[in-house]
Amino acid sequence: MWFGAVKVGKAYVSYHLMPIYRHEGLQKAVSPALKKRMQGKSCFNFKDEPGPEALADLARLTEAAVEDWAARKWR
C-alpha cells in the first residue's frame, strides 16, 4: 500500500499522506493552517516555505499515521 510521498514541482512542493484519506480521525486532526494548503483529501501543497508550525503539524500527522498503520500491522 502507498503510504505517502513528496513531489517537487516547478511551482510547489506536494506532501501526500494517504492514511488521511481513509482515517476520519486524522482528517479531523488537520490544523486550520494546513487545511488551507490541502489539495484533495490527502495532499498538501506548499508554494512558499511552510514554516516551523506547519512542519510540526505535518510531523504530528505523519507520526499518527505511522502509529495507525503499525497498529493495523500494515508495516
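Couple of notes before you dig in:
- Helix-only mean residue ellipticity at 222 nm for the chain, each DSSP H run of n ≥ 4 adding -39500 (n - 2.57), per residue, nearest 500: -12500 deg cm²/dmol
- Restricting attention to the chain, the count of lysine pairs at 8 or more positions apart or across chains with alpha carbons under 18 Å apart stands at 7.
- Note that the stretch 29-44 has calculated 3J(HN,Hα) couplings of 7, 5, 5, x, 5, 6, 4, 5, 9, 6, 10, x, 9, 9, 10, 10 Hz, one per residue in order, obtained from phi through the Karplus relation 6.51 cos²θ - 1.76 cosθ + 1.60 (θ = phi - 60°); glycine and proline are x.
- Applying both filters, DSSP loop and at most 12 other Cβ atoms within 10 Å, to the chymotrypsin sites (Phe, Trp or Tyr not before Pro) of the chain gives 2, 74.
- Sorted ascending by nearby beta carbons within 10 Å, beginning with the fewest, 72, 60 become 72, 60.
- Rounded to the nearest 20, the Cβ-based charge dipole of the chain about its Cα centre (Lys and Arg +1, Asp and Glu -1) stands at 320 debye.
- Of the residues 57, 68, 48, the one with the fewest other Cβ atoms within 10 Å heads the list, and the complete ranking is 48, 68, 57.
- Paramagnetic label zone (point 7 Å from Cα along Cα-to-C-beta, residue 11; backbone N under 17 Å) in the stretch 32-66: 37-40, 44-49
- As a proxy for reagent exposure, ranking 18, 1, 38 by other Cβ atoms within 10 Å from fewest up yields 1, 38, 18.
- Mean Cα-pair separation over length for the stretch 4-71, i.e. relative contact order, pairs under 8 Å, 6 or more apart, %: 32
- Alpha-carbon centroid distance for the pair the stretch 52-75 / the stretch 1-32, whole angstrom: 10
- Under Karplus coefficients 6.51, -1.76 and 1.60, residue-wise ³J(HN,Hα) of the stretch 2-11 in Hz, glycine/proline x: 8, 8, x, 6, 10, 10, 9, x, 5, 9
- Cα gyration tensor, the chain - rounded (a/c under 1.5), prolate or oblate: prolate
- Backbone amide hydrogens, once placed in the peptide plane, bring residue 12 within less than 5 Å of nothing, excluding anything fewer than 5 places away on its chain.
Laboratory data are not the source of any read-out in this text; all were calculated from the coordinates shown. The shown structure was predicted, so the numbers you read here are calculated from the model rather than taken from an experiment. Neighbour counts are summed over all protein chains in view; Cβ atoms, including those assigned to glycine, are modelled from backbone coordinates with ideal geometry.
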